[in-house]
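Read the figures in this text as sums done on the coordinates, not as results from a lab. As the structure is a computational prediction, the values presented were derived from the model and not from experiment. Heads up, the Cβs are rebuilt from the backbone with ideal geometry, glycines too, and the neighbour counts pull from every protein chain shown.
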Amino acid sequence: MPRSIDEVRKEVWSRFRDMQSVYLATAEADQPRVRPVTLLNLDEKFWIATGTRSAKTRQIRRNPNVEFCLPLAEEDGAGYVRVSGVASIVTDHETIESIGPRIPFLEEYWEGIDDPEFCLIRITRVELEYLEPGASDAITFMV
């Protein structure tokens, strides 16, 4: 029996933890750039902590379209959650003050939430593509 889109959405969100490694793609001119990052899933909103002068920050300022992929591997086979969205650089103190303390590695890379080299990337207007491990067809939907 086919699942409803609400059931699929619930399953997809269950795949995300508060923090996990994903592969983020940005664009530098006509060249895609992919790198592993730590994705924060806070209240079903996607965030990435980074430096204000990082390559990904520079690339997003020029072209805010991004994708990331969360690979899935289970006994039944491999799958993925692929997310396309629009990224924005967030530096406002209120947001950083709210999210910063929820990032356990923040002080490994920055001097805290007041460090001018620290910022957040927020990914919005999200389209998800979900290939359940062991399945042959992906399902695409908007969040």
Given the conditions (1) in contact with a Ser or Thr (Cβ under 7 Å, 6 or more places away or on another chain); (2) within 18 Å of residue 132 (Cα to Cα), which single one is not true for residue 50?
(2)
Count, please, the residues in segment 44-82 that happen to be assigned to a strand (DSSP E or B) and either touching a residue at least 60 places away in the same chain (Cβ under 8 Å) or among the acidic types (Asp, Glu) (or both).
11
Residues to consider are 108, 67; find the one that is acidic (Asp, Glu) and crowded, with 17+ Cβ neighbours inside 10 Å.
67
What single numbered condition from (1) farther than 25 Å from residue 12 by Cβ; (2) part of a strand (DSSP E or B) fails to hold for residue 94?
(2)
